[in-house]
Amino acid sequence: MASAPKSVVPIPSPGSWRGAGGPGWSPPWCLRSAPHRPLWPQVRLSREGAVAGYGMLAAEELEAGEVLFTIPRTALLSQHTTSIHALLEEAEESLQSQSGWVPLLLALLHEYTASNSHWQLYFSLWQDFRSLDHPMFWPPEERTRLLQGTGIPEAVDKDLANIDLEYNSIILPFMETHPNIFDPKLHTLELYKELVAFVMAYSFQEPLEEEDEDEKGPNPPMMVPVADILNHVANHNANLEYSPQCLRMVTTQPVGKGQEIFNTYGQMANWQLLHMYGFAEPYPGNTHDTADIQMVTLRRAALQRAKTEAQQQLVSEQWDFLCQLEMVGEEGAFVLGWDEVLTEEELSVTLKVLCMSEKEFKEYKEQDGWEDDSEEEENSTLSNEALSRLKTPCKKLLYDSVLLTLESYGTDLKAEQDLLNNKEAYEKLSRREQQALHVRYGQKRILHQLLELVQ
């Protein structure tokens, strides 16, 4: 399953814990010191004024740097605070997995279904997890129809395969050795999948200290009550800070009274937001949005322009050499942002090599892909301005690759622009159709911007 590159996570997607709202609903226990008396009077929870369901709003004018609320580490739900933490620690080696989430997921399986769990109040905020609307829960036909070309269907297929593998090879054997705690008839694969989506959407992952980044793997995810109430936008106004004793939500810019307080889940493209959290930001809100060109698409474009068998053979040799340099891979992608190419070195080198003559390529190979520092630095910086100055053969190859990428979508940019501009037609779309539209439209805008730069 995907491992989110996030230091903070949770997205309250519509219908999740906010669905618990209504008559008799009250904020989480850790927001209250006594009935109806909040611990932090400068914030409030409300359905009105929030972008989706419930949100956290400023009850007064806030300055940058204000602490909105504090969560003691004893209130976090993790593999270390669950009632079965001793069992998880004892079986640590056998619970290792590609995702690194298995210990937390076992903790959630137990705490969610144990009637005497200390965390029942926390889980009561969710009627069930079926309201999570990640693409992994969409019917395959609908997922393909709405998200073709975005990269999400492929990511979901990998998630589902990994979830099935983890459950059958790690979770089931662990449950079978602890039948007094776990029951496969209760703790099913379906519940496990729902809890994976819950962790995707609501968990936090504490960033490593700078000195530990090269030596340790990422910290395991954990659930952080109250902090998982905040929604996300790219232009956020709050951030979660970590200390040994507690976690604090702190404003990063002034917030007016009544305005919603937004956390950040990291610099996430819309396809990542929909895949991991079940929502996307409407254009032009997500300044971190990206579009991908599959690396093999560049190879395909280069082969299409090769007129002879010898030229096609040269392209194949150039591709193999790029693989040896670890610049490309069969499943990799070049990532394009609004202002620059985020995988600039990989794209720069790939364009350069695939546009070489046989003689140039031979000399380049003899140097093992090395070139003088000034030339390498110049060629590896691909801002929008630099893209417009590429050599003509590189521009043509990139242009053809963008056209091939646009063909992978089921609709064109103009049709989606017209749909977004037609409020009545847009509001008739289902929520899934709206979110998928935002993902596709943002990606196509970036790709069309690139076409203009290199034409």
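Every number in this text was worked out from the coordinates using simple rules, so none of it is lab data. Keep in mind that what you see is a predicted model, and the values were worked out from it rather than measured. As a convention, Cβ positions derive from the backbone with ideal geometry for all residues, glycine included, and neighbour counts pool all protein chains shown.
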>> Can you return the lysines within cross-link range of residue 428? Criterion is Cα-Cα under 26 Å, with same-chain partners fewer than 8 residues away left out.
In response: 414, 444
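Which order do the peptides 304-313, 57-66 come out in when sorted by mean C-beta neighbours inside 10 angstrom, highest first?
Answer by packing, highest mean first, reads 57-66, 304-313.
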> residue 433 to residue 404: FRET efficiency via 1/(1 + (r/R0)^6), r the Cβ-Cβ distance, R0 22 Å, to the nearest 0.05?
Replying inline: 0.30
> Can you work out the FRET efficiency for the pair residue 451 and residue 118, with r the C-beta to C-beta distance and R0 = 45 Å, to the nearest 0.05?
Replying inline: 0.20
> Put a dot 7 Å past each Cα toward the Cβ at residue 242 and residue 86; how far apart are the dots in nm?
Replying inline: 2.8
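With n ≥ 4 as the cut-off for DSSP H runs, can you work out [θ] at 222 nm for the chain, using -39500 (n - 2.57) per run divided by the number of residues, rounded to the nearest 500?
Mean residue ellipticity, 222 nm, calculated: -12000 deg cm²/dmol.
Based on the mean of other Cβ atoms within 10 Å per residue, sort peptides 339-348, 444-453, 41-50 so the most packed one is first.
Highest to lowest by the protection proxy: 339-348, 444-453, 41-50.
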>> Students often forget the sequence filter, so: which lysines lie under 18 Å Cα-Cα from residue 352 once same-chain residues fewer than 8 apart are removed?
In response: 362, 365, 391, 395, 396
> Roughly how many debye, to the nearest 20, is the charge dipole of the chain about its Cα centre, given +1 on each Lys and Arg Cβ, -1 on each Asp and Glu Cβ, and no other charges?
Replying inline: 2280
> Taking the alpha-carbon centroid of each part, what is the distance from region 58-99 to region 112-183 in angstrom?
Replying inline: 20
> At what distance in nm do the modelled label points of residue 164 and residue 305 sit from each other, each positioned 7 Å from its Cα along Cα→Cβ?
Replying inline: 4.1
> Which one, (i) 1.09; (ii) 1.33; (iii) 1.15, gives Cα Rg over 2.2 N^0.38 Å as derived from the coordinates shown?
Replying inline: (i)
> In the chain, with Lys and Arg counted as +1 and Asp and Glu as -1 at Cβ, which of these residues, 382, 96, 152, has the Cα nearest the positive end of the dipole, that is, farthest along it?
Replying inline: 152
> When we measure straight from the Cα of residue 423, which aspartates and glutamates land under 17 angstrom away, once same-chain ones fewer than 8 places off are left out?
Replying inline: 281, 433
>> At a threshold of 8 angstrom on Cα-Cα distance, excluding pairs fewer than six apart, so keeping six or more, what relative contact order does the chain reach in percent?
In response: 21
>> So if each residue of separation counts as 0.36 nm, and I subtract the Cα-Cα distance between residue 250 and residue 93, what length gain in nm does that give?
In response: 52.9 nm
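Given R₀ = 22 Å, what would the calculated FRET efficiency be for residue 421 paired with residue 142, taking r from the Cβ atoms and rounding to 0.05?
0.35
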> When the label point is put 7 Å from the Cα of residue 388 along its Cα-to-beta-carbon vector, which residues of region 417-455 have a backbone N closer than 19 Å?
Replying inline: 445-455
> Separation between the residue 59 and residue 183 pseudo-spin-labels, each 7 Å from Cα along Cα→Cβ, expressed in nm?
Replying inline: 4.3
>> I'd like to verify something in the chain: which complete DSSP H helices, judged by Cα projection on the helix axis, reach 18 Å or more and average at least -1.0 on the Kyte-Doolittle scale?
In response: 152-166, 189-202, 309-324, 392-407, 431-454
